1. So Val133 ticks every box in (1) open to solvent by less than 10 Å² (accessible area, probe 1.4 Å); (2) more than 23 Å from Ala21 (Cβ to Cβ) but one. Which box is left unticked?
2. How many residues, within segment 11-54, are among the hydrophobic types (A, V, I, L, M, F, W, C) and closer than 20 Å to Ser121 by Cα?
3. Only residues that are more than 21 Å from Thr88 (Cα to Cα) and surrounded by fewer than 14 Cβ atoms within 10 Å (Cβ to Cβ): list them for segment 45-75, please.
4. Name the residue that is most open to solvent (accessible area, probe 1.4 Å), counting only residues in segment 76-98 that are over 25 Å from Glu12 (Cβ atoms) and among the charged types (D, E, K, R).
5. For residues that are of a type in the set (D, E, K, R), open to solvent by 50 Å² or more (accessible area, probe 1.4 Å) and touching a residue at least 12 places away in the same chain (Cβ under 8 Å), tally how many sit in segment 11-30.
6. Just for strands (runs of 3 or more DSSP E) wholly inside segment 31-140: which have at least 1 residues that are in contact with an Asp or Glu (Cβ under 6 Å, 6 or more places away or on another chain) and touching a residue at least 24 places away in the same chain (Cβ under 8 Å)?
7. Going through segment 50-99 one residue at a time, which ones are under 20 Å from Asp37 (Cβ atoms) and among the charged types (D, E, K, R)?
Amino acid sequence: MASDHGGFEMKEFLKNKLIEAGYKIKDFGTHSEESVDYPDIIHPLAKAINNGEYKIGIIMCGSGNGAQIVANKYPNVRAGLCWNEEQTMLIRLHNNANILSLPGRFIPFDQAWKMVEIFLSTDFEGGRHVQRVDKISKIL
């Protein structure tokens with residue numbers, strides 16, 4: 001997990017829920033509400049996903065946009081910004097997303113938790129989506 005100051009409270013909430021549910025968490029930061037530059041926090045998580053150290057990640061910033069943009073710089077990362085449960089399911093089913101990006105200032109924490117549960121429990125559908133996902137990392 002990783003967030004800037006705009007997603008810090010949500011990260012802490014979700015981290016506690018995940019620990020209660022039995023998940024092991026690597027917290028890349030930030031560790032307070034003090035202002036930080038989100039790329040400094042998101043790059044290490046995205047790099048770890050890209051290099052295969054971790055299979056999935058959850059990132060947050062105020063809007064979720066900046067965090068997602070940073071993460072998607074890495075060729076083996078597919079980060080999806082989600083605002084609701086249906087989007088969350090689709091980024092797993094159709095895009096095989098390995099990072100969920102959440103808008104820390106725009107959705108209720110309980111909704112974010114439902115989205116995390118969906119992200120963690122939904123498998124990639126495969127089929128017609130395999131070819132599309134394979135093309136994501138290719139530079140034409």
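The values are calculated or read from the model by the stated rules, or taken from the named source; none is laboratory data. The structure presented is a predicted model; accordingly, all values stated were derived computationally and were not measured. As a convention, Cβ positions derive from the backbone with ideal geometry for all residues, glycine included, and neighbour counts pool all protein chains shown. Just the protein is used for accessible areas: all its heavy atoms, side chains included, with ligands, DNA and RNA removed. Shrake-Rupley method; radii C 1.70, N 1.55, O 1.52, S 1.80 Å.
1. All conditions pass for Val133, except number (1).
2. Taking segment 11-54 as the starting set, the residues that turn out to be among the hydrophobic types (A, V, I, L, M, F, W, C) are 13-14, 18-19, 21, 25, 28, 36, 41-42, 45-46, 48-49.
Those left that are additionally closer than 20 Å to Ser121 by Cα: 13-14, 18-19, 21, 25, 49.
Result for segment 11-54: 7.
3. Narrowing segment 45-75 to residues more than 21 Å from Thr88 (Cα to Cα): 47-48, 51-53.
Result: Asn51, Gly52, Glu53.
4. Among them, the one singled out is Glu86.
5. The number of residues fulfilling the criteria is 2.
6. Numbers: elements: 57-61, 79-81, 99-103.
In segment 31-140, the matching strands (runs of 3 or more DSSP E) lie at 57-61.
7. Residue satisfying the conditions is Lys73 alone.
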